[in-house]
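See structure below.
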Amino acid sequence: MQSLHDVGGDAPAVVRWMAKIEVGLGAVLMLAALAVTITTIVERNLGHSTGEWSLKLPELMLMWLTFLGMGALVTEHGHVAADMVLRRMPPRAQQVCETLSVLITAVVLAVILWGAVSIVSQQMDINSTDEDLWDVPEAALLSILPIGLGITILHLLVETWIIWRPGRREIVQDAGRSGA
Amino acid sequence: MIAIPFVFLLFLIVIGMPIGFALIVASVVTLYWLGLAPITFIPDVFAGSVQNFTLLAIPFFLLAAELLSAGGLIDRVFDLARAIVGRMRGGMGGACVIATGIFAGVQGSSAADAAAIGKIGTAGMVREGYRPGFAAALIAASGATAILIPPSIAMLIYASMVNVSVGRMFFAGIVPGIINVLAFLVFVAWRAQVYGWKRDDTGAITNWAARTTALKRSIWVLLLPVFVLYGFYSGQLTATEISTACVIYSVVVAMLFYRSLHVRDLWPILMQTARTTINIFTIIAGAVLLSKVLTFLNAPQLIFGFIEHFKLSGWEFLIVVSAIMFILGMFMEAVALNVMTTPILAPIAMKLGIDPVHYGIVLIFNIEIALITPPVGLNLFVLAGATKVPLGAIYREVLPFVLILIALLVMAIFFPQLSLWLPDRILPST
């Protein structure tokens with residue numbers, strides 16, 4: 001269910017496209033995870049073993065999908081939120097609350113981003129690799145954490161700008177917003 | 001101390017922060033305020049919470065449902081439901097209950113179930129004389145049964161966290177799911193008599209030949225839940241593999257048998273499924289983090305101390321848990337409620353000798369109630385959005401459905417056989 005605006009309707013075109021590309025990459029990852037799982041079933045029925053990678057790779061793709069798309073859903077207003085209190089507020093109070101919500105999220109994600117960068121640099125320092133996934137460096141596999149959090153912070157900052165941009169539409173719909 | 005994250009959470013939800021982010025922010029603020037964990041702990045939990053092979057079944061079941069929906073499944077299922085009960089007084093309401101029940105059997109998201117039937121069902125019921133608020137509330141409530149009837153995303157999440165067989169959980173939902181659908185049907189029939197609602201006079205097909213035709217038109221859809229359950233029964237496939245097979249089945253049915261889906265339709269469907277998946281997994285990541293924070297705050301020990309102090313038995317514990325969940329469910333989103341409470345409460349339930357599958361079904365009923373209890377009831381929001389019926393009108397009419405679900409919850413608590421009889425016969429635990 002889309003609600004506040006159309007899919008990313010108030011965002012600048014470049015940010016809307018960025019969001020589309022992020023979700024699109026997520027969709028490709030989902031499709032790839034599906035293909036790997038199908039291969040695993042077929043191989044097993046043929047009596048072959050596909051190894052640990054066939055379990056680990058789709059899991060990893062799920063993680064990449066989640067963190068890659070988290071920010072896009074900010075722009076598309078696709079995250080589930082309960083805004084029944086918000087929509088009863090006067091427009092200025094709505095703007096203040098939304099700004100508060102977006103900025104608090106951005107600050108907290110920045111703190112987590114710091115932790116994510118620490119984890120990735122630790123993995124780089126010790127040259128850790130994943131044996132099940134053809135010795136790919138762990139740092140590369142986990143790099144989606146700082147990348148995804150960084151992208152999400154970017155979307156949140158753009159959202160702050162949109163909230164205060166003149167001519168922005170108010171929240172008028174009669175329901176909570178939900179992407180589920 | 002335990003109240004700290006919840007106070008934050010409530011504040012953040014009130015200012016309109018998305019639930020997934022609110023869970024993350026409330027957890028992180030509590031962690032740092034109380035100095036409970038190092039900075040690298042949070043991204044570590046994030047990575048771990050979404051890297052789970054069983055949870056991979058969620059996007060695949062969602063994708064299968066999206067494919068069948070886009071392939072015209074809803075109309076076929078709805079026609080079948082109308083053919084079965086359409087000529088009864090107030091038959092459109094009954095048809096909606098049956099259609100949501102059948103649709104629940106091919107997908108596991110209650111919001112998707114309610115949204116799918118919402119618009120068409122509400123309009124039909126209003127035509128028969130139903131109050132719009134009641135019509136929307138009925139579909140919101142019957143849509144919630146999607147998490148009880150397999151395949152169920154809520155059950156998948158629970159099973160992956162408690163390490164219980166997904167197959168046993170799915171089989172356990174069948175009997176309570178059927179009882180739930182029947183309870184709503186009886187209630188609608190009773191209300192139709194009392195209020196003198198009309199019969200469906202919009203040309204619903206109701207003779208046996210027409211019923212057979214409707215059945216034939218939707219047979220491939222009806223076979224999907226059978227196929228899923230057989231997958232678990234055979235023991236040859238995992239939940240994720242069954243969900244993968246469902247995707248293939250859905251593509252074949254929608255593209256080859258129904259010929260209602262084209263290659264060009266696939267990309268938007270994939271995009272939409274990716275969006276829903278991201279949404280759900282953001283909430284899962286936040287809820288897992290919050291459950292870790294609650295563990296740091298010794299919540300399980302405190303709850304267990306409370307149980308020992310009052311010498312609670314198994315069923316008394318389930319009633320206390322249900323009361324807590326009822327209150328939490330008024331403000332919390334369903335996935336969050338599931339992920340946040342399960343790691344803390346399920347082990348305690350098992351210590352008290354409660355079967356994890358039985359506890360799981362009690363949990364699912366609680367989540368079902370949470371989906372339709374104001375002020376934050378996701379299905380109510382979905383219906384308000386889909387039908388344009390004011391949220392206030394739906395709030396007023398949803399109470400009888402909440403009461404029915406509470407009655408069913410009590411039944412599930414006191415009669416574990418309802419949940420355990422079928423899985424014990426078909427998939428006995430080893």
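The values are calculated or read from the model by the stated rules, or taken from the named source; none is laboratory data. Note that the structure is a prediction, hence the values are computed from the model and not measured. Don't worry about glycine lacking a Cβ; one is built from the backbone with ideal geometry, like all the others, and counts go over all protein chains shown.
Annotations
- Across the range A:56-96, the qualifying residues are those that are under 19 Å from A:Ala140 (Cβ atoms) and aliphatic (A, V, I, L, M), and the one among them that is farthest from the other protein chains (Cβ to nearest Cβ) is A:Leu57.
- The residues of the range B:163-181 that are in a helix (DSSP H, G or I), aliphatic (A, V, I, L, M) and within 19 Å of B:Ile413 (Cβ to Cβ), listed by number, are B:Met169, B:Ala172, B:Ile174, B:Val175, B:Ile178, B:Ile179.
Residue by residue, here is whether (1) touching a helix residue (DSSP H, G or I) at 6+ places or on another chain (Cβ under 7 Å); (2) in a helix (DSSP H, G or I); (3) more than 28 Å from B:Thr342 (Cβ to Cβ) holds:
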| site | (1), (2), (3) |
| --- | --- |
| B:Asp265 | yes, yes, yes |
| B:Pro268 | no, yes, yes |
| B:Thr273 | yes, yes, no |
| B:Thr276 | yes, yes, no |
| B:Phe281 | yes, yes, no |
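- Only listed residue being crowded, with 20+ Cβ neighbours inside 10 Å and without any contact (Cβ under 8 Å) to a residue 60 or more places away in the chain, chosen from A:Ala11, A:Ala33, A:Ala81, A:Ala19: A:Ala33
- A single entry from B:Phe331, B:Phe296, B:Phe281 fulfils the requirement of being in contact (Cβ under 8 Å) with a residue 60 or more places away in the chain, within 12 Å of another protein chain (Cβ to nearest Cβ) and surrounded by fewer than 23 Cβ atoms within 10 Å (Cβ to Cβ): B:Phe331.
- Whichever residue in the range B:169-203 is surrounded by 22 or more Cβ atoms within 10 Å (Cβ to Cβ) and among the aliphatic types (A, V, I, L, M) and, among such residues, is modelled with the lowest pLDDT: B:Ala192
- The sole residue among B:Ser110, B:Ser152 that is within 17 Å of B:Asn338 (Cβ to Cβ) and touching an Asp or Glu at 6+ places or on another chain (Cβ under 8 Å) is B:Ser110.
- Unique residue being touching a His at 6+ places or on another chain (Cβ under 6 Å) and under 25 Å from A:His79 (Cβ atoms) when the list is B:Pro18, B:Pro43, B:Pro5, B:Pro59: B:Pro18
- Residues of the range B:248-278 that are among the aliphatic types (A, V, I, L, M), at the interface with chain A (Cβ under 10 Å from one of its Cβ atoms) and surrounded by 24 or more Cβ atoms within 10 Å (Cβ to Cβ): B:Ala274, B:Ile278.
- Selection status of B:Ile157, surrounded by 24 or more Cβ atoms within 10 Å (Cβ to Cβ), out of contact with any Lys or Arg (no Cβ under 6 Å at 6 or more places or on another chain) and not charged (D, E, K, R): yes
- Leading residue by the ranking (farthest from the chain's Cα centre (by Cα)) among those in the range A:40-99 that are among the hydroxyl-bearing types (Ser, Thr, Tyr) and within 30 Å of B:Pro390 (Cα to Cα): A:Thr99
- Enumeration of residues in the range B:138-190 that are under 24 Å from B:Ala115 (Cβ atoms) and in contact with a strand residue (DSSP E or B) (Cβ under 9 Å, 6 or more places away or on another chain): none
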